[in-house]
Amino acid sequence: MDIKQYLKTQAEFINQKLENQLKEGIPQKLFDSMHYSLNAGGKRIRPILVLESAKVCGKENVADILDIALAVEMIHTYSLIHDDLPSMDNDDLRRGKPTNHKVFGEAIAILAGDGLLTYAFEKISSIKNIPAEKLVRIINILSHNVGIYGMIAGQAADILAEKEKSFTDIKFIHENKTTKFIMACCQIGAILADAEDTKEKALKEYGYNIGMAFQIWDDILDEIGETEKLGKTVGKDKENNKLTYTSIYGIEKSKEIAKKHIEKALKSIEIFENKEILEKLAKYIISREV
């Protein structure tokens, strides 16, 4: 199986389902802003991980958990809109297009991010075909890992390291800014498949290690990638004096660290039989040019 083609096909499927997720009845500019970023494309790795983690645990029909995967992508899109803001990373390009605030203005971009985050949890809590106690657990896992003990903490540490030079723990930044959300997606997939504890733990470990490798590889691509391929401006980390693995360890050592994380990820899923896609996805993360 060609993993790049498989991921592309899955991303196209998710894109189709995302197209009509937002409903009218809100100010048109807010609707357009949310729709603009949510439907701007991208690899859709996080919703794919929810679905593939459920599949590897034996869930054959993932149609009934698709809304969870779509909500996950809404949360991810919110984080990108806010990450690009002038007060944050101040980026002009995302997924090959002008960033949200460049098109709709900073105030509407902030509200669009807020809207996608809150709507994601509204969407999850409205699902009828999944037991309420399971939905509560999923909401708890997501809100923890994208909140102040996860992604928000990582973003704050990233800013403090860049602008105030008062934070120096690069592992903390990467664990929280990127890794915990990816780990949560894998764990949620296991929960939705009613997986036993050992499988849930294995997928959490897998998610942690591919998440670390993913962000380290992004650090590398920011130095050696191409803007046209990445869909975002290359060299911004160095320009902004960001704390990255490459700024501390250099490119070659960073590659070694990323590869070790992938080795650990692959080892953690040895207990699964139908693990081919997760294996290939892990290897793909450290072969990306885009």
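The values are calculated or read from the model by the stated rules, or taken from the named source; none is laboratory data. All figures in this text were calculated on a predicted structure; none of them were measured in a lab. Every residue, glycine among them, receives a Cβ derived from its backbone with ideal geometry; neighbour counts consider all protein chains shown.
Some notes on this structure:
- All conditions in (1) under 17 Å from Phe121 (Cβ atoms); (2) touching a Leu at 6+ places or on another chain (Cβ under 6 Å) hold for Val62, with the sole exception of (1).
- Cβ-Cβ contacts under 9 Å between residues 6 or more apart (or on different chains), taken from a first residue in region 111-129 that is of a type in the set (A, V, I, L, M) to a second residue that is surrounded by 15 or more Cβ atoms within 10 Å (Cβ to Cβ) and not in a helix (DSSP H, G or I), are listed as Leu116/Leu22; Ile124/Ile130.
- Selected residue (only one of Phe214, Phe181, Phe167 is touching a helix residue (DSSP H, G or I) at 6+ places or on another chain (Cβ under 6 Å), crowded, with 16+ Cβ neighbours inside 10 Å, touching a residue at least 60 places away in the same chain (Cβ under 8 Å) and not in a helix (DSSP H, G or I)): Phe167
- Residues being charged (D, E, K, R) and touching a residue at least 40 places away in the same chain (Cβ under 8 Å) - total across region 142-164: 2
- Boolean, Ala161 is assigned to a helix (DSSP H, G or I) and more than 15 Å from the chain's Cα centre (by Cα): yes
- Residues of region 233-274 that are at pLDDT 95 or above, buried (at least 16 other Cβ atoms within 10 Å of the Cβ) and charged (D, E, K, R): Lys255, Lys264.
- In summary, Ala63 fulfils each of the numbered conditions (1) at pLDDT 95 or above; (2) over 18 Å from Met183 (Cβ atoms); (3) of a type in the set (A, V, I, L, M, F, W, C) with the single exception of condition (1).
Table: residues versus (1) at positive phi; (2) of a type in the set (A, V, I, L, M, F, W, C); (3) at pLDDT 95 or above.
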{"residue": "Ala107", "(1), (2), (3)": "no, yes, yes"}
{"residue": "Ile110", "(1), (2), (3)": "no, yes, yes"}
{"residue": "Lys134", "(1), (2), (3)": "no, no, yes"}
{"residue": "Ile141", "(1), (2), (3)": "no, yes, yes"}
{"residue": "Leu160", "(1), (2), (3)": "no, yes, no"}
{"residue": "Cys185", "(1), (2), (3)": "no, yes, yes"}
{"residue": "Ile188", "(1), (2), (3)": "no, yes, yes"}
{"residue": "Leu192", "(1), (2), (3)": "no, yes, yes"}
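- If you go through region 138-164 and keep only what is surrounded by 21 or more Cβ atoms within 10 Å (Cβ to Cβ) and not small (Gly, Ala, Ser), you end up with Ile138, Leu142, Asn145, Val146, Met151, Asp158.
- Note on region 116-149: among residues that are closer than 15 Å to Tyr78 by Cα and not hydrophobic (A, V, I, L, M, F, W, C), the one that is nearest to the chain's Cα centre (by Cα) is Asn145.
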